[in-house]
Amino acid sequence: ESVDRALAEKEVWFVATGAAEAGAWGMRALLDAYGDGLRDALIINVDGVGSGTLGFLKQEGLVRRYRCDRRLASQTRRTASELGMRVPGTSYPGVTTDAAPALARRFRAMSVMSFDVNGRLADWHQASDTVEGVSAAALDQATRFVTALVRDL
């Protein structure tokens with residue numbers, strides 16, 4: 001049938017790194033093993049998008065703050081506008097995602113996450129983070145947005 005050339009002509013890795021809460025050891029291992037080949041990559045960390053409202057982290061980190069890649073942030077804004085979606089950027093000090101080790105090593109990375117009505121990460125490390133709380137609509141929105149973002153890059 002039809003092939004989406006904008007996606008088919010890109011090399012895309014979907015990686016489930018694991019061990020994020022224990023110090024992002026999965027991402028660290030990925031960068032240790034494949035970092036040389038990923039030096040020109042754009043890394044989009046998709047985390048916690050099962051409920052809430054989609055957004056992205058402009059800045060993250062516990063002790064040191066790391067800014068997301070400017071190209072990814074700019075394209076995120078354009079893609080959201082083209083889709084008629086609101087995907088705001090926010091600085092979230094005190095949060096470290098799998099993007100942080102990449103940013104610390106000067107890779108081009110950014111985290112796409114969801115936020116609750118109070119602007120906090122939706123169900124982040126809370127007892128409310130259960131399969132029953134996952135929203136099909138939130139997952140569909142995140143999928144549609146990240147797919148369009150990759151297509152637009």
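So here's what we get for this one:
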| read-out | value |
| --- | --- |
| Stokes-Einstein D (µm²/s) once Rh is taken as the Kirkwood radius of the chain over alpha-carbon pairs, at 25 °C in 0.890 mPa s | 153 µm²/s |
| Carbon + sulfur, % of accessible area of the chain - ligands and nucleic acids excluded, 1.4 Å | 49 percent |
| Accessible surface, per residue, of the range 2-74 when the full set of protein chains is kept, probe 1.4 Å, Å² | 65 Å² |
| Stretchable slack from V117 to V63, in nm (0.36 nm times residue separation minus alpha-carbon distance) | 16.8 nm |
| Dipole magnitude of the range 1-91, debye to nearest 20 (Cβ charges: Lys/Arg +1, Asp/Glu -1, about Cα centre) | 580 debye |
| Listed residues Y66, T130, L30: farthest to the positive end of the dipole of the chain (Cβ charges) | Y66 |
| Amide proton proximity set for R108, modelled H, under 5 Å, gap of 5+ | I43 |
| Anisotropy class of the range 71-118 from Cα gyration tensor, a/c 1.5 cut | oblate |
| Extension gain from A73 to L139, taking 0.36 nm per residue of separation minus the Cα-Cα distance | 21.7 nm |
| Cα shape, the range 1-83, gyration tensor, a/c 1.5 rule | oblate |
| Kyte-Doolittle at least -0.5, axis length at least 27 Å by Cα - qualifying DSSP helices, the chain | none |
| Surface accessible to a 1.4 Å probe, per residue, for the residues of the range 98-153, Å² | 52 Å² |
| Cβ-derived FRET efficiency at R0 30 Å, V3 paired with R39, nearest 0.05 | 0.60 |
| Net charge dipole size for the range 14-153 [Lys, Arg +1 and Asp, Glu -1 on Cβ; Debye, nearest 20] | 780 debye |
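The values are calculated or read from the model by the stated rules, or taken from the named source; none is laboratory data. Keep in mind that what you see is a predicted model, and the values were worked out from it rather than measured. Every residue, glycine as well, gets a Cβ built from its backbone with ideal geometry; the counts of neighbours run over all protein chains shown. Note: areas computed on protein heavy atoms with side chains; ligands, DNA, RNA excluded. Shrake-Rupley method; radii C 1.70, N 1.55, O 1.52, S 1.80 Å.
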